[in-house]
Amino acid sequence: MRLITSVSEMKALTRETRSRGKSVGLVPTMGALHKGHMSLVRQAKQQCDVVVVSVFVNPTQFGAGEDLERYPRDLDQDFQLLSSYNIDTAFAPSADEMYPDGFQTFVEPGPLARVFEGASRPRHFRGVATVVVKLFNIVQPDMGYFGQKDFQQAIVIRRLVEDLNLNTRLVVCPIVRDEDGLAVSSRNAYFNPSQRRSALAISRSLRTAEKLVHSGESDAAKVLEEMRRVLEADPRIKINYIEIVNPVSLEPVSRVTAGAIALAAAYVDRVRLIDNTILAPIGTSAEDRLQMALAAPAVTTLEARAPGFDTEAVIHKIEGCRDCAAISTILLPPREFMAGYIKRDYPDLSTIRTAIIGRHSTARPDNSFYRNSGRPNRFVTALYDLLGIDNFAEFKKRFILTDVIRCHASGPRIPEKAMRNCSRHLRNEISLFPNLERLVVLGEDAYMGVQRFLLERDPGEIQSFSSFIGSQGWVEEQAEIPSLDNRSVKIYYCHHPSLGYDRSPSLAAALV
Ligand code: AMP
């Protein structure tokens, strides 16, 4: 492992690493490393070629009277730990190196940084934002790793990355706890055994919130009341704040919905601790809860990257998806989306030999093909053109229209898990048509979904849509669908009728 203390040396190494085309992950820490930090390090190692861990107790994020001087520091032990994880580089500059004489420029985050931690520690996020921008500029990481433990920090940095067009993608990792439930923190080192027992009230209060929500309580005031009761039962604890907030805006909520986050900050004697939990239906994994809370651009959570879904074409409006209300797609057992229209429009399912995959956005009610069949829009007109038919009556004699993506999830990336659920619906749906022989796949997102989830191809083997489709504007292949007992079907891939259809010639001749 290389230990670097100078900014210029770190920059030189950055240049060299980038020139070799390696991806870089940065884990910013203040040292006194523990298993919470190491969970970030492990994640970074899995996702990046080169991992840099910065160890820097950043003075500008501490306020007067806070614990800057006595903040635990143990560089030797940190380096030993990082070496044992085969970390490439530790960057541990001095305060003078980062803030030399004459330093006077700060990054000032907005309102997200003024509540909770920002209200209790007025200049805290200004210091955090400044040091993060400096570190990102020095190390130029592809990915930056942060902990859910400091949830507000992750949200503030997400805003910063977006607002200042930084090139680093954020990864937020779940909270690591000790066996007794206490969130691991460098500041836990301050406690004697009895204080530590008191500190457990914080995680206990969050568990109480979870239990209440799981038992059906959705009134945030009632949940908070119980949390307060748990905390106030311990005389050493002084609550700084407890609140249940919307995870994107950090505004308090009155109703608890999946993804809302319970935040707690409290003093145990003189030591201030923070902790939180993301509230979600019982049994939801930590990663899925994080995904729900962070389902917004610029943040990629652990399980949230769906390789091959980096297309700008994905419309995102998670709450607006009428078919599945996205959150429920992620969490709840699938519903039979199409049951209604299938019954109404397809009295004899055996007549259908061709399924069209790739609707227009379902998020807008007037886009519903089956509901508004009498009022063709641009998509419908282009679709009929593509298929060589004139009207809906003809359409439903020969075709069924469905989609591989029902979850118009936030952000340019669709959560992997949502994709899997969406595709399960697709498989169920097309299995209803016993004589299915052909698929027509509209556009890039449907192409990716069909390749991955219907044909079960490895993401690494899937060509980009544009190179696959080539200049002809459409491609056909004969393929076996594992979920249909390996039935062989002909698949036609073409541009989406609403997105560049003019580049796909009509498939009418091929579909007769
Ligand atoms: P710190 O050294 O306290 O500034 O923390 C460095 C990074 O580690 C931050 O992104 C924290 O959110 C993260 N972190 C600290 N404690 C934990 C924990 N218990 N679990 C997960 N991440 C953590």
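Since every read-out is calculated from the coordinates, none of them should be taken as a lab result. The shown structure was predicted, so the numbers you read here are calculated from the model rather than taken from an experiment. Using ideal geometry, Cβ is built from the backbone for each residue, glycine included, and neighbour counts are taken over all protein chains shown.
Report the percentage of all Cα-Cα pairs in region 1-137 whose separation exceeds 27 Å, rounded to a whole percent. So the portion of pairs separated by more than 27 Å is 23 percent. Separation of region 211-240 and region 430-469, taken as the distance between their Cα centroids, equals 48 angstrom.
Hydrodynamic radius of region 121-172 by the Kirkwood approach over all distinct alpha-carbon pairs: 11.1 Å.
Within a straight-line Cα-Cα reach of under 28 Å, Lys134 can be paired with the following lysines, leaving aside sequence neighbours fewer than 8 residues apart in one chain: Lys11, Lys22, Lys35, Lys45, Lys149.
With viscosity set to 1.306 mPa s at 10 °C, what whole-number translational diffusion coefficient in µm²/s follows for region 176-218 from Stokes-Einstein and a Kirkwood radius over Cα pairs? For the chosen part, D equals 140 µm²/s.
Place a point 7 Å from the Cα of Tyr267 along the Cα-to-Cβ direction; which residues of region 47-83 have their backbone N under 12 Å from it? Those under the cut-off are 66.
Fully extending the segment from Val248 to Ser6, taken as 0.36 nm per residue of separation minus the present Cα-Cα distance, adds 83.5 nm. Bridgeable lysines around Lys222 (alpha carbons under 21 Å apart, same-chain partners fewer than 8 residues away excluded): Lys211, Lys238. Cross-link reach is defined here as a Cα-Cα straight distance under 30 Å, omitting same-chain residues fewer than 8 places apart; for Lys396 the lysines meeting it are Lys317, Lys343, Lys490. Computed about its Cα centre, the charge dipole of region 37-171 is approximately 480 debye, with only Lys, Arg, Asp and Glu carrying charge at their Cβ. Residues whose amide H falls under 5 Å from that of Phe56, counting only those 5 or more places apart or on a different chain, are Thr29, Met30, Gly31, with hydrogens built in the peptide plane.
Applying Stokes-Einstein at 37 °C and 0.692 mPa s to the Kirkwood radius of region 176-264, computed over alpha-carbon pairs, gives a translational diffusion coefficient of 240 µm² s⁻¹.
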